[in-house]
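What follows is a single structure, written as structure tokens, with notes after it.
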Amino acid sequence: MQCVVCHDAGGAEVLASYVSRQGGEWIFVLEGPARKVFERRFGPVAGMSLDDAMAAGSQFLTGSSWQSDLEWCAIAAARRAGKPVATFLDHWVNYRERFIREGVECLPDSIWVGDDYALERARAVFPEIEIRLVANPYFQDVRE
């Protein structure tokens, strides 16, 4: 089962739009403003602890908080468990810093970005991992 892990509102908007377009069953680990974004989109959302999600999930998609450790912890746990994890970057700045906590860097298996500018920047910052251009689902929702 796929799992979304998110704290910040910006990432939550992108990930909620992505989930809405993908359909299917998802596990959610939501904290902070992300919970309100998902509940606005889907109604009451049954959340789960990160530990429970790691046990139940087969692949993970995260946001990238600047100040919360939630996504960083999810990336680290997924990597330790050998489960695929991708992060959708919803910003154009502080890319590498989003993956460092207390001097320890933890990168996902792949990074998703929603536009050509972000793709170019992310490839320059992270030449060591896969960078995927995924049409920004939130922008698609706004346009529609």
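The values are calculated or read from the model by the stated rules, or taken from the named source; none is laboratory data. All values derive from a computational prediction rather than experimental measurement. Because the Cβ atoms are built from the backbone with ideal geometry, glycine has one as well, and the counts that use them run over all protein chains shown. Ligands, DNA and RNA are stripped out before the accessible areas are found, and what is left, the full protein with its side chains, is counted by its heavy atoms. Shrake-Rupley method; radii C 1.70, N 1.55, O 1.52, S 1.80 Å.
Using only protein heavy atoms and a 1.4 Å probe, report how much of ASP51 is accessible, in Å² to the nearest 10.
Result for ASP51: roughly 130 Å² accessible.
Please build a GNM for the chain, connecting alpha carbons under 10 Å apart, and tell me which residue among ALA56, ALA122, ALA74 fluctuates the most.
Per the Cα network of the chain with a 10 Å cutoff, ALA56 tops the list.
Loop sites only, by DSSP: take the chymotrypsin sites (Phe, Trp or Tyr not before Pro) in the chain that have at most 15 other C-beta atoms within 10 Å and name the longest stretch containing none of them. Let's see the in-between values first.
On the way: sites that count: TRP66, TRP92.
Maximal segment without exposed cleavage sites: 1-65.
With each pseudo-label sitting 7 Å past Cα toward Cβ, what's the ASP109-ASP52 distance in nm, one decimal?
Once both label points are built, they end up 2.5 nm from each other.
Tell me, in nm to one decimal, what length is gained between VAL142 and GLN2 on full extension, where the rule is 0.36 nm per residue of separation less the Cα-Cα distance? Working shown, then result.
On the way: separation 140, 0.36 × 140 = 50.40 nm, distance 2.47 nm.
Extra length available between VAL142 and GLN2 comes to 47.9 nm.
Return the FRET efficiency for the residue pair TRP92, GLU39: r is the Cβ-Cβ distance, R0 is 35 Å, and the value is rounded to the nearest 0.05. Write down the numbers at each step before the final one.
Working: r = 28 Å, r/R0 = 0.79.
That pair, TRP92 with GLU39, gives E of 0.80.
Quick one: work out the % antiparallel among DSSP beta bridges in the chain, nearest 5.
Details: 2 of 22 bridges.
About 10 percent, rounded to the nearest 5.
Computed from the coordinates I sent, Cα Rg over 2.2 N^0.38 Å equals one of (i) 1.07; (ii) 1.73; (iii) 0.96. Tell me the label.
Derived directly from the coordinates: (iii).
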